[in-house]
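Notes for the one structure printed next.
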There are 6 protein chains.
Amino acid sequence: MTHESRLERGSRILSEIDGLAGERVVDSLSDIAPDFARYILEFPFGDIYARPGLDLRAREIGTIAALVAMGTATPQLKVHIEAGLNVGLGRDEIVEIIIQMAVYAGFPAALNGLFAAKEVFGLLDAA
Amino acid sequence: MTHESRLERGSRILSEIDGLAGERVVDSLSDIAPDFARYILEFPFGDIYARPGLDLRAREIGTIAALVAMGTATPQLKVHIEAGLNVGLGRDEIVEIIIQMAVYAGFPAALNGLFAAKEVFGLLDAA
Amino acid sequence: MTHESRLERGSRILSEIDGLAGERVVDSLSDIAPDFARYILEFPFGDIYARPGLDLRAREIGTIAALVAMGTATPQLKVHIEAGLNVGLGRDEIVEIIIQMAVYAGFPAALNGLFAAKEVFGLLDAA
Amino acid sequence: MTHESRLERGSRILSEIDGLAGERVVDSLSDIAPDFARYILEFPFGDIYARPGLDLRAREIGTIAALVAMGTATPQLKVHIEAGLNVGLGRDEIVEIIIQMAVYAGFPAALNGLFAAKEVFGLLDAA
Amino acid sequence: MTHESRLERGSRILSEIDGLAGERVVDSLSDIAPDFARYILEFPFGDIYARPGLDLRAREIGTIAALVAMGTATPQLKVHIEAGLNVGLGRDEIVEIIIQMAVYAGFPAALNGLFAAKEVFGLLDAA
Amino acid sequence: MTHESRLERGSRILSEIDGLAGERVVDSLSDIAPDFARYILEFPFGDIYARPGLDLRAREIGTIAALVAMGTATPQLKVHIEAGLNVGLGRDEIVEIIIQMAVYAGFPAALNGLFAAKEVFGLLDAA
């Protein structure tokens, strides 16, 4: 059996979770910071998402909640809303977790999260 | 059948999720802002946590992730780490979701979240 | 006398404060999260802005200050700059409160707040 | 008539608003960063709070709201809760503006703000 | 020898650091908040950047790091990426400091910082 | 020549930068999240701080600036103030970079950063 490197494992998991959106992010870094593209594959995906102990569905709930609450990472939130759908979350479940963030990060954070979800869902419907 | 008010529903769910820690927060507001204690019962718990469509286990994953990522609400994070255990999350699962936040909110946020979890787990072991 | 529900009271106050901008936000949620539209009417407006003890002018000063300082809610800041005008704040007073935020949240926060105000004022002048 | 310098004006206004709490902050910087103590007197107080166009009561509403919403400046929030009382805000008004922040920055931010107010009010009652 | 005022010193240093980008920001405030334009010249540039004890290269490293980590001030980050180049930082050094922020503020903050740098570098190459 | 692993390189650099403070953090994770202790050694120190292209002095300026501006990571800020001294920054230079953050993140952030520095310097003087 061939050993899978962190980079290979991260590429495989990123592709499984984020599909083309993840690849586009990595590609967009190729001129300015190719090492950072590699770190994204290795650490978040090769190390963290690859860990047993929490399934990808639960991991995406946590990521979507955090990105909505932080309010500073709209492009990444959109990628992870699509990722949530890819790993089995329903649109209604994603909407639930965003609504819940009104409690912890305020109504504007939840509202902006819902608008991000609306945009992602709309693009998927139009595709 | 008697209709349950938002306040009654919120009190029931807060008690189910947070146990005594939730009651203590509500009691601590009785002199300075009793209306706010009522809002906590009514809106987060009577309205949001009461919603179908996402189970309490998933909701607490989202809340723990958000509070770790925000980094501004340590007392509430501790309450929700205990709440996570109450609704069926394992200690290892809580540690997983906190570790994951290093990716989205940085290593200090995850580190401070782990120290909060360590404190909560220690208090429970000593009880 | 007919009792006014939280939803009715919230709709009335939202309309008084935000005018058409508030209605547009509520309408934009009708497909993705109609319950959240209802919560916006019920809790922030039906519960909080409806409270006696602080007039709407003072409440909008607090909201504008907070949204400028947070820096994560530009669309909501614009709505509340217009709301501030609707409840009696002068343009100069709104500019004052934004400038003051340089002290607490830094010069970029104040600068971005001023650009939001400039955009709102410009749209009103063009209308 | 003698011209008042920015430093003199700032010292006068800081003393008027914050009383001894402001002086203690300035004194505590005398060994590590005396220039920064001077900047605090000159810019926030000598320049900003000295501006006409918004009274000190309105300015403290904005500051309290912002510091509660940010959640990263508890010591400064306590100073400005006391400052709010000094410039004529009632305890109930301060509680109102803190409660309102639940809408914009989430329930934990408001809760931690209320606990800060409870501590300040308690110290004043004990004095 | 003529004494240079804070305003004159700030204008000189802003021009040295930010070039035309700084002037454009100041000009854009002339209608809505001319006093704030003056404060920008006087306090950040006339007082702070003018201080001995840390060279402009080190100051811009700190500013770029902070703005990337905060994630709420993209327009100002772009200005300071260009400012960093103006005071002698290499493109590679700016990329390094942005990548490092993944550790402290998370991967999305670093990613959005890299995209801002890519945009600034691209505009300079096209000029 | 023996190849140094990421873990070995990270341990060496952490020890060089943070000395005992870094080791204490890693040790404190041994019961709750030993993998996260390993990630801290591997990614921030083994990958990022090990990169050529920016010296450790410049890297610590960026880290201190970011942690002061974020305001959510006081324990880590203290570790990096000491780290800054270890890699050659003077106390005056650290104070300069903290003061500068008043411009970008507000006066409370800078003030709390200065108090953290005062505590670190005091402990070193007492040792």
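The values are calculated or read from the model by the stated rules, or taken from the named source; none is laboratory data. Because the structure is a prediction, the values reported are computed rather than measured. We place every Cβ from the backbone using ideal geometry, glycine too, and count neighbours over all the protein chains shown. Accessible surface is based on the protein model in full, side chains and every heavy atom, while ligands, DNA and RNA are left aside. Shrake-Rupley method; radii C 1.70, N 1.55, O 1.52, S 1.80 Å.
Given a 1.4 Å probe and the protein chains all in place, what does the accessible area of C:Val25 round to, in Å² to the nearest 10?
Using a 1.4 Å probe on the heavy atoms, I get roughly 40 Å².
Shortest first and in nm with one decimal, please list how far the C:Asp31 label point sits from its counterparts in the other copies (point 7 Å along Cα→Cβ).
Going from nearest to farthest copy, the values are 3.5, 3.5, 5.3, 5.4, 6.4 nm.
What number does region A:55-127 give for Rg over Rh if you use C-alpha atoms and the Kirkwood radius?
Computed over Cα atoms, the ratio is 0.93.
Could you give the accessible area per residue of the protein assembly as shown, probe 1.4 Å, as a whole number in Å²?
Working: 28330 Å² over 762 residues.
Counting only protein heavy atoms, the per-residue value for the protein assembly as shown is 37 Å².
Shortest first, in nm, what separates the label point of A:Asp55 from those of the same position in the other copies (7 Å along Cα→Cβ)?
Its label point is 0.9, 5.3, 5.7, 5.7, 6.1 nm from the equivalent points in the other copies.
Just want to confirm a number: the relative contact order over region E:55-127, from Cα pairs under 8 angstrom separated by 6+ residues, in percent.
On the way: 72 pairs, mean separation 24.7, N = 73.
Computed over region E:55-127, the figure is 34 percent.
Could you tell me the calculated FRET efficiency between C:Ser5 and A:Leu7, based on Cβ-Cβ distance and R0 = 51 angstrom, to the nearest 0.05?
Efficiency, from the Cβ-Cβ distance: 0.30.
Using a probe of 1.4 angstrom, how much of the accessible area of the protein assembly as shown is carbon and sulfur, in percent?
Details: 15680 of 28330 Å².
Ligands and nucleic acids excluded, carbon and sulfur reach 55 percent.
State to the nearest 20 debye the size of the charge dipole of the protein assembly as shown about its Cα centre, where the only charges are +1 on K and R beta carbons and -1 on D and E beta carbons.
Result for the protein assembly as shown is approximately 0 debye, rounded to the nearest 20.
Can you run phi through the Karplus equation (6.51, -1.76, 1.60; θ = phi - 60°) for region A:42-52 and list ³J(HN,Hα) in whole Hz, with x for Gly and Pro?
Once θ is set to phi - 60°, the couplings for region A:42-52 become 6, 7, x, 8, x, 9, 7, 4, 7, 5, x Hz.
Working with all protein chains in place, sort D:Leu56, C:Leu124, C:Leu114 by solvent-accessible area computed with a 1.4 Å probe, largest first.
C:Leu124, D:Leu56, C:Leu114
Does region B:1-56 classify as rounded, prolate or oblate by the C-alpha gyration tensor (a ≥ b ≥ c root eigenvalues; a/c under 1.5 gives rounded; else a/b over b/c gives prolate, otherwise oblate)? Present the calculation step by step, with values, prior to reporting the outcome.
Values: a/c = 1.99, a/b = 1.53, b/c = 1.30.
Since a/c reaches 1.5 and a/b is larger than b/c, the shape of region B:1-56 is classed as prolate.
Total Å² of accessible surface buried at the C-D contact, 1.4 Å probe, nearest 100?
Details: alone 7660 and 7690 Å², together 12830 Å².
Buried area (both sides, nearest 100 Å²): 2500 Å².
Could you check the spin-label model distance between B:Ser15 and A:Glu16? Points 7 Å from the Cα along Cα→Cβ, value in nm.
Using points 7 Å along Cα→Cβ, the separation is 4.3 nm.
Can you return the aspartates and glutamates within cross-link range of F:Lys78? Criterion is Cα-Cα under 19 Å, with same-chain partners fewer than 8 residues away left out.
Result set, ordered by chain and number: D:Asp31, F:Glu16, F:Asp18, F:Glu23, F:Asp27, F:Glu60, F:Asp92, F:Glu93, F:Glu96, F:Glu119, F:Asp125.
In percent, how large is the relative contact order of chain C, given Cα pairs closer than 8 Å and 6 or more residues apart?
23 percent
Rounded to the nearest 500, what is the 222 nm mean residue ellipticity of chain F from helices alone, with -39500 (n - 2.57) per DSSP H run of 4+ residues and division by all residues?
My calculation for chain F gives -23000 deg cm²/dmol from helical runs alone.
Report the closest approach of any chain B C-beta to the axis of the B-to-C rotation: residue and distance, in whole angstrom.
B:Phe43, 3
Compare each residue of region D:72-112 in its chain alone against the assembly with all protein chains, and report those whose accessible area goes down by 50 Å² or more; 1.4 Å probe, heavy atoms.
When all protein chains are present, D:Thr72, D:Gln76, D:Glu96, D:Ile99, D:Gln100, D:Val103, D:Tyr104, D:Phe107, D:Pro108, D:Leu111, D:Asn112 each give up 50 Å² or more of accessible surface.
Across region A:90-105, in residue order, what do the Karplus-derived ³J(HN,Hα) couplings come to in whole Hz, using 6.51 cos²θ - 1.76 cosθ + 1.60 with θ = phi - 60° and x for Gly and Pro?
Each residue of region A:90-105 in turn: x, 4, 5, 5, 5, 4, 4, 5, 5, 4, 4, 5, 3, 5, 9, 10 Hz.
What are the nm distances, shortest first, from B:Leu7 to its equivalents in the other copies, labels at 7 Å along Cα→Cβ?
Values, ascending and in nm: 2.1, 5.8, 5.8, 5.9, 6.3.
Provide the solvent-accessible area of D:Asp92, counting protein heavy atoms only and rolling a 1.4 Å probe, rounded to the nearest 10 Å².
120 Å²
Please work out the Cα convex hull volume for the protein assembly as shown and give it in Å³ per residue.
Normalising the Cα hull of the protein assembly as shown by residue number yields 205 Å³.
Calculate, for A:Ala50 and F:Arg91, the FRET efficiency according to 1/(1 + (r/R0)^6) with r their C-beta to C-beta distance and R0 35 Å; round to the nearest 0.05.
Details: r = 43 Å, r/R0 = 1.23.
Plugging the Cβ-Cβ distance into 1/(1 + (r/R0)^6) gives 0.25.
Compute the Cα gyration tensor for region B:17-100, then decide on rounded, prolate or oblate, letting a ≥ b ≥ c be the square roots of its eigenvalues: rounded whenever a/c is under 1.5, prolate when a/b is larger than b/c in the other cases, and oblate in all that remain.
Prolate, because a/c is 1.5 or more and a/b exceeds b/c.
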